[in-house]
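One structure below.
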Amino acid sequence: MTHVATLISNPARPALDDAAIALAVGVLATTQDVRVLNPGIAADLLFTPGGADDKAIAERLGTALKGLPIDVVVQPLAARRKRLFVADMDSTMIGQECIDELADYGGLKAHVAPITERAMRGEIAFEPALRERVALLKGLPVAVVDEVIEKRITLTPGARTLVATMRAQGALTCLVSGGFTLFTSRIAAMVGFDEYRGNTLIVEDGRLAGRVAEPVLGRDAKCATLIELRDRLALSPEDTLAAGDGANDIPMLEAAGLGVAYHAKPAVAAAAHARIDHGDLTALLYLQGYSRGEFVESAPADK
C-alpha cells in the first residue's frame, strides 16, 4: 500500500455511506484497506496505484460517485501528516473578502467587488488591482475595521479545529494574506495561528490614506513565505500544507507538499494538487489521516 484515497463529505451534510465507499472500492481494484475516519463523513482507502497519476485517479473516483457531494483526494501515504500549514485568509479561513466589506462602508462595494473577483480569478494582475481598490478607500475611518470584523466577518467552519489540531501535533501555522494586517492580526488570533503576514494599509489622522505600503504582498510573496518558513524549520517540501482559493495562491499551492484549492476559483482548482469543493476546513485534517477522535477543539476567541 503506497497511496491513499480520502473520501470526504461536509459534516453538516453527511453523504459518505457504505454504498458510496463500495463504489470507490470498485474503482480501486488494488484496495487493501478501508479506514473510516468519521462515519458518514470521511474514510481512507489504502491502495497501490496501477500507473495513473493521483489527480487522474481522483477524477475517476469522482465520476464513479455520480455527482455525490463527496470530495476525493489521492496522495502518497509517505509524509502525509504535515509540519507546516500556510493558509490564505479571505474566502478560505474566513467567508468574506475584507476589502469588499470595507468598501461597502463607503458605498463602493458594487465597484470594488468585481475587481476583487477578477483578480482572484487571475484575469487581472493582483498587485495593481489591490492598489486601485485601496485608493478607493481613501478617507474611510480606520475604526470601521473593528465594525467590519464584529458585524461582517465569519470564520469558515472547521477553521479553529484545523489549526488547533495541527498545532497540538507540533506543526507551525501561518496565516498569509494579500489583505491587510489590520485584519490578519485579528483573524490570526481568533483562529489560533502562530504567525500572520499581510499588507499594511497606510493610516493618516485616523483615516485610510488610500495607499498600501510597498512592496505589496501578492502571489510571489505568499509562495516566498511558505519557502521561508519551510527553510526555517528545516523541512522538506513534502512536510508542508497550503490552502487557498484565489489565483494569487497558485504559486504557494504548487510549492507545498500538498496544495489544497479550498472552494476555489476554477483556475486554482485546476492547478492545485487537491481540491475541496464540499467539505469544511476539517477536510484538511482528514487528508492527513486524522480521525474525528483526534481532533482538538479550540475554545472560541472573542473578536
**Message:** Counting other C-beta atoms within 10 Å, and keeping those with at most 13, which DSSP coil GluC sites (Glu not before Pro) do you find in the stretch 99-170?
**Reply:** GLU123
**Net lengthening on full extension, GLU214/HIS278 (0.36 nm per residue, minus Cα-Cα)** = 19.4 nm
**Prompt:** How large is Rg over Rh for the stretch 186-303, taking Rg from the Cα atoms and Rh as the Kirkwood inverse mean of 1/r across Cα pairs?
**Reply:** 1.01
**Complete:** Of the accessible area of the chain, computed with a 1.4 Å probe and all protein chains kept, carbon and sulfur make up a percent value of 52 percent
**Asked** For the stretch 123-238, what is the largest minus smallest coordinate of the Cα atoms on each principal axis, given in angstrom and ordered from greatest to least?
**Response** 44, 30, 28
**Request:** Count the DSSP beta bridges whose two residues both fall in the chain, then state the antiparallel fraction as a percent rounded to the nearest 5.
**Result:** 55 percent
**Complete:** Here the net charge surrounding ALA103, from other residues whose Cβ is less than 10 Å away from its Cβ (Lys, Arg +1; Asp, Glu -1), is -2
**Asked** Roughly speaking, what is the stretch gain from ASP194 to GLN96, that is 0.36 nm per residue apart minus the C-alpha to C-alpha distance, in nm to one decimal?
**Response** 33.1 nm
**Prompt:** Gain in length, ARG81 to ASP17, computed as 0.36 nm per residue apart minus the alpha-carbon separation, to one decimal in nm?
**Reply:** 20.5 nm
**Item:** Formal net charge of residues neighbouring ALA168 (Cβ-Cβ distance under 15 Å; K, R +1; D, E -1)
**Value:** +3
**Message:** So for the stretch 215-303, averaging the separation of alpha carbon pairs under 8 Å that are six or more residues apart and normalising by length, what relative contact order in percent results?
**Reply:** 20 percent
**Prompt:** Label VAL36 and LEU233 with points 7 Å out from Cα along Cα→Cβ: what is the distance between them in nm?
**Reply:** 3.2 nm
**Prompt:** In deg cm²/dmol, rounded to 500, what helix-only [θ] at 222 nm does the chain give when every DSSP H run of at least 4 residues adds -39500 (n - 2.57) and the total is split over its residues?
**Reply:** -10500 deg cm²/dmol
**Message:** Pairs of alpha-carbon atoms within less than 8 angstrom and 6+ residues apart define the contacts here; what relative contact order does the chain have, in percent?
**Reply:** 22 percent
**Request:** For an R0 of 45 angstrom, estimate the FRET efficiency from the Cβ-Cβ distance between ILE202 and GLU254 and round to the nearest 0.05.
**Result:** 0.90
**Item:** Solvent-accessible area per residue for the stretch 148-303 (1.4 angstrom probe, square angstrom)
**Value:** 37 Å²
**Item:** Longest to shortest principal axis, alpha-carbon extents of the stretch 1-133, angstrom
**Value:** 57, 29, 28
**Message:** Starting from the Kirkwood Rh over alpha-carbon pairs, what translational D in µm² s⁻¹ does the stretch 67-180 have by Stokes-Einstein at 37 °C and 0.692 mPa s?
**Reply:** 200 µm²/s
**Complete:** Listed by chain and number, the lysines with an alpha carbon less than 25 angstrom from that of LYS55, same-chain partners under 8 positions apart left out, are LYS66, LYS82, LYS222, LYS265
**Message:** For the stretch 173-235, take every pair of Cα atoms, bin their distances at 5 Å starting from 0, and report each bin as a whole percent.
**Reply:** 4, 17, 23, 22, 18, 9, 4, 2, 1
**Complete:** The answer for GluC sites (Glu not before Pro) in the stretch 208-303 that fall in a DSSP coil and have at most 16 neighbouring Cβ atoms within 10 Å is GLU297
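The values are calculated or read from the model by the stated rules, or taken from the named source; none is laboratory data. Quick caveat, the model's predicted, so the values are computed rather than measured. Cβ coordinates were reconstructed from backbone atoms using ideal geometry, including for glycine residues, and neighbour counts include every protein chain displayed. Surface areas here come from the heavy atoms of the whole protein model, side chains and all, with no ligands, DNA or RNA. Shrake-Rupley method; radii C 1.70, N 1.55, O 1.52, S 1.80 Å.
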